[in-house]
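The values are calculated or read from the model by the stated rules, or taken from the named source; none is laboratory data. Remember, it's a predicted structure, so these values are computed and weren't measured experimentally. No Cβ is skipped: glycine too gets one built from the backbone with ideal geometry, and neighbour counts run over all protein chains shown. Accessible surface areas use protein heavy atoms only, side chains included; no ligands, DNA or RNA. Shrake-Rupley method; radii C 1.70, N 1.55, O 1.52, S 1.80 Å.
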Amino acid sequence: PISGVHLGDFYVRRIRRIVPALALVLLAVAAFGWLALTNYDYRELQKHVAAGAAFVSNIVLWGEAGYFDAPTRFKPLVHLWSLAIEEQFYLFWPPVVLLWSRKRWPILPLAATLVIASFAANAWLVRTDPVSTFYLPLTRMWELLLGAVLAAVVERTGMASETRAHGLSLAGLALLAAGLGVISERSVFPGFVALLPTLAAAAFIAAGPDGVFNRYVLASRPMVGIGLISYSLYLWHWPLLSFGYIIEGEKPSALLKAVLVLAALALAFLTYRSEEHTSELQ
């Protein structure tokens, strides 16, 4: 166990949290693809379904990237690259923490060193090979490891005071606004610009419930509601929009995109409620 948490229990909770909704979306995408796609496109979709189920979508997409690669808008499961990197990180980091903690060594220096190394690899490689930088876990791990650094800092120093919490919350808002203003399709991403949304998220988390923006905006009922269905919404939104592009053969109309977004919200809510009901039965 790590601080009373058993590694096996951790992975069981991850499976229960991640897999049921993912399996539902993969089955739905495969079923609709069988009706809507050509034989060749459906074979490609089957490959992406398998990659999504095995949490290796980022590796498959990295291998496909090239001159003849189809645009991402025609890949209904392209968004699963980020879930794959997240789960690959969780296969790597908890055992490392377990082994490190057995030596009674502090986690903060290790996590901070890995953040610096991963970000340095990202900043260096993005100039010459942006595709690899985008998809490989080595160059994206720093974004997740910032959470480990934050947890280690809070363990040492405790939660921020109310004054610091307000400052961190407002800093997070400023960084988020800067990211929205600076990052575009022309940005070299991840690169240095990825610091803006990543540090914004870290600042919001560090601020905790006392931060002014957290308290009055992020803790509002609409935002909490979106947070509850956010994972399901993440899973549903892109397949619907992608199939809209595929069926239309071009950019969907504003009306169709609005309908698809509303459908994604409805499916996300139903998925969340079904999982909640299942948990209650267990």
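Quick look at the values:
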read-out	value
Signed unit charges on C-beta, dipole axis of the chain, positive-most listed residue 183, 241, 114	114
Full-stretch length increase - residue 65, residue 13 - with 0.36 nm per residue and alpha-carbon distance subtracted	15.4 nm
Proportion of all alpha-carbon pairs of the range 90-160 beyond 15 Å (%)	57
Linear extension gain, residue 138 paired with residue 177, 0.36 nm per residue minus alpha-carbon span	11.3 nm
Whole-Hz couplings from phi, Karplus 6.51/-1.76/1.60, listed for the range 245-255; x for Gly and Pro	5, 5, 6, 6, x, 7, 4, x, 5, 4, 5
At R0 = 51 Å, FRET efficiency that the Cβ-Cβ distance of residue 6 and residue 34 yields, to 0.05	0.80
Inter-site label distance for residue 257 and residue 184 at 7 Å from Cα along Cβ, in nm	1.6
Accessible area in square angstrom per residue, the chain, 1.4 angstrom probe	58
Rounded to the nearest 20 debye, dipole of the range 14-81 from Cβ charges on Lys, Arg, Asp, Glu	360
Spin-label model distance (nm) - residue 153 vs residue 127, 7 Å beyond Cα toward Cβ	2.8
Value of relative contact order over the chain, rounded to a whole percent, pairs C-alpha under 8 Å and six or more apart	18
Residue-wise HN-Hα coupling along the range 27-41, computed from phi with Karplus coefficients 6.51, -1.76, 1.60 (Hz; x: Gly, Pro)	5, 5, 5, 5, 5, 5, x, 4, 7, 9, 9, 6, 4, 5, 5
Karplus-derived HN-Hα couplings along the range 177-189 (A = 6.51, B = -1.76, C = 1.60, θ = phi - 60°), whole Hz, x at Gly and Pro	5, 5, x, 5, x, 9, 6, 9, 4, 8, 5, 7, 10
Cross-link partners of residue 251 among aspartates and glutamates (Cα-Cα below 18 Å; sequence separation of 8 or more within a chain)	185
Förster radius 30 Å - calculated FRET efficiency between residue 50 and residue 265, Cβ distance, rounded to 0.05	0.60
Global form of the range 54-172, assessed from the alpha-carbon gyration tensor, a/c cut-off 1.5	prolate
Of (1) 19.6; (2) 19.1; (3) 20.9, the label for Kirkwood radius over Cα pairs in Å derived from the coordinates	(3)
The range 34-127, relative contact order [Cα under 8 Å, separation at least 6], %	23
